[in-house]
Structure formats: structure tokens, C-alpha cells
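**Q** Mind looking over this structure? Questions follow.
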Amino acid sequence: METEIQPLKWSKGLRLDGLEHPSLCEGEYKPALKQAQLQLLTYQHALSDSKRSLVVLFEGPDAAGKGGAIRRMVERLDPRLLRVHSVVKPTEEEYCHHYMWRFWSKLPRYGQTAVFDRSWYGRVLVERVEGFAADREWKRAYEEITHFEKSLSDDGTVFVKIYLHISKDEQLSRFKRREADPYKHWKITDEDWRNRRRWDEHNTAAEAMFEKTSTPSSPWTILPANYKWHARIEVIRAVNHALLNAGIKV
């Protein structure tokens, strides 16, 4: 079974604010979503019979659509074989350990899948920009992370690292819609507005992260996400493509 696309992998010189944002009409979206979800379900069952596991992690600016993309990715899968982890501020106990400590227990068993809505890459993204990590800490984290991921990939873990990016104007539009919608007002906080004021710094940190942590066994996939329907399809196809390349037989 083959996928229809070659996902956009990070390449030297890529700039986030220079991305083009393709759209997709509703008539194309629904059948494409159904096909991609069915293919992923087939891969999930094949994975469950192997000594392999799947880690899918999402990063990107606030309001980039990570939650919606994750929901479409997992909604047709067997829930017994996956876990979704929304990564928030470390607890008091977690602060007392190495920053990677809290992720080890969330890694999937053989045959299963773990999805991370934000991840250990916070060390070189928000913690770097906001000064929560000292320079020496976030600078050494690139090597720590690549060694961590390589040890897991050598043991059979398939990594899919997805960065959903939206334009600054699109983020503002989504922020305003959230503020105006009483059902979504909880999604917008003062922290979101503060992060927006440091847009360029966050982009610089993300681009450095791609350069230093996109490896052959654990590459970054960059997805333009101004148009949610297109981004959601591309997320699932990127996962399918990774499983195909990893040799998961269906």
C-alpha cells in the first residue's frame, strides 16, 4: 500500500515564514481524510504484531491546529493501541529531575503508538526563548535529544516529528476568533499573546532545532497549516509515509 505524497522534510535554508500554504476544498477533504485514516488503521494493526513502536510528536506556534490534527489522526484508530499525551508545565516533582525524565514513562510499548502534543523539544523552543533554561542547558539539549531518539530508533521505534506552522496574520485571526467564541475562549490566554510578541525568536529557535535534530532516522516534517483541512490530511499521510519507509508490512 503506497501513500500519495512525499512529505516536506526539513532542508537547509528552509524558512518558516517563507512557506506556501496550500488549500483543499471540502469535496476533496472528506474522501481524502477517509482514505488516509483507513490506511493508518491498517498500518496500526500491522504494527501491533511487530516488535516496533510509533512515536508521533507535534510542535508549532499557538493556534497552529495541533489539537485538531491529532483528533483526526486518532479518531478511527484502535484506542487500545495508542495513548495521546498533552505536555504541559512540569510538576514540582518533575522539576527535580532531568527534563527528559518525565517522558520515559510515556513512551509506547512494542506494537503501540504514543502521540505527543508538544514534547521534549520544549527545552530548545519555549524554554530557550523564555529563559526557563540556561544557555548551557538548551545548547547541550540538541545532542541529548538526538542520542535519546537514536537509541529508541535503533530499538525499532518509528519517529514522526511534525511541525505545524501558520503565518503571523493567520494566528492573529485565530486568536480573535477564540476570544469572540464563548466555547473557545478558554483556548486563548495571556501567555499566548506574550508568545506572539516574540514571534521571530520562536521561529529562529524552531529553525535551529530543525537543523540540529533532523536526522535520517528521525527527520522533521514541516507542514504549512493556514488551511486546516489540508494540514490534517498531510499529517496523516506523513505518518503513513513514515511507516511505509520503516518497512511496516500491510
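**Q** For region 130-143, give me the residue count where each residue is in a helix (DSSP H, G or I) and in contact with a Lys or Arg (Cβ under 9 Å, 6 or more places away or on another chain).
**A** 8
**Q** Can you name the residue in region 14-37 that is small (Gly, Ala, Ser) and crowded, with 16+ Cβ neighbours inside 10 Å and is also farthest from Arg237 (Cα to Cα) among such residues?
**A** By that ranking, first place goes to Ala32.
**Q** Looking only at residues that are in contact (Cβ under 8 Å) with a residue 60 or more places away in the chain and among the acidic types (Asp, Glu) in region 199-246, which one is farthest from Thr146 (Cα to Cα)?
**A** Among them, the one singled out is Glu234.
**Q** What are the residues in region 47-105 that are of a type in the set (Gly, Ala, Ser), touching a Lys or Arg at 6+ places or on another chain (Cβ under 8 Å) and farther than 30 Å from Glu201 by Cβ, if any?
**A** Ser53
**Q** Which one is modelled with the lowest pLDDT, of the residues in region 1-55 that are assigned to a loop (DSSP other than H, G, I, E, B) and of a type in the set (Asp, Glu)?
**A** The qualifying residue modelled with the lowest pLDDT is Glu2.
**Q** Return yes or no: is Trp229 within 21 Å of His21 (Cβ to Cβ), in contact with a Cys (Cβ under 9 Å, 6 or more places away or on another chain) and modelled with pLDDT of 95 or more?
**A** Against the criterion (within 21 Å of His21 (Cβ to Cβ), in contact with a Cys (Cβ under 9 Å, 6 or more places away or on another chain) and modelled with pLDDT of 95 or more), Trp229 qualifies.
**Q** Would you confirm whether or not region 193-215 contains a residue that is within 24 Å of Arg72 (Cα to Cα) and of a type in the set (Phe, Trp, Tyr)?
**A** No, the conditions are met nowhere in region 193-215.
**Q** If I ask for residues that are surrounded by 15 or more Cβ atoms within 10 Å (Cβ to Cβ) and assigned to a helix (DSSP H, G or I), which ones from region 103-129 would you list?
**A** Phe103, Trp120, Tyr121, Gly122, Arg123, Val124, Val126, Glu127, Arg128, Val129
**Q** Now for a separate question. Conditions first: (1) surrounded by 11 or more Cβ atoms within 10 Å (Cβ to Cβ); (2) farther than 23 Å from Thr213 by Cα. Met100 passes all but one, so which condition is the exception?
**A** Against the list (1) surrounded by 11 or more Cβ atoms within 10 Å (Cβ to Cβ); (2) farther than 23 Å from Thr213 by Cα, Met100 comes up short only on (2).
**Q** Any idea which of Arg80, Arg109 is touching a strand residue (DSSP E or B) at 6+ places or on another chain (Cβ under 7 Å), more than 28 Å from Asp192 (Cα to Cα) and charged (D, E, K, R)?
**A** Only one candidate passes the filter, namely Arg109.
**Q** If we keep just the residues of region 56-96 that are β-branched (Val, Ile, Thr) and in a strand (DSSP E or B), which is surrounded by the most Cβ atoms within 10 Å (Cβ to Cβ)?
**A** Val56
The values are calculated or read from the model by the stated rules, or taken from the named source; none is laboratory data. Keep in mind it's a predicted model, so treat the numbers as computed, not measured. In this analysis, Cβ positions are derived from the backbone assuming ideal geometry, glycine residues included, and neighbour counts consider all displayed protein chains.
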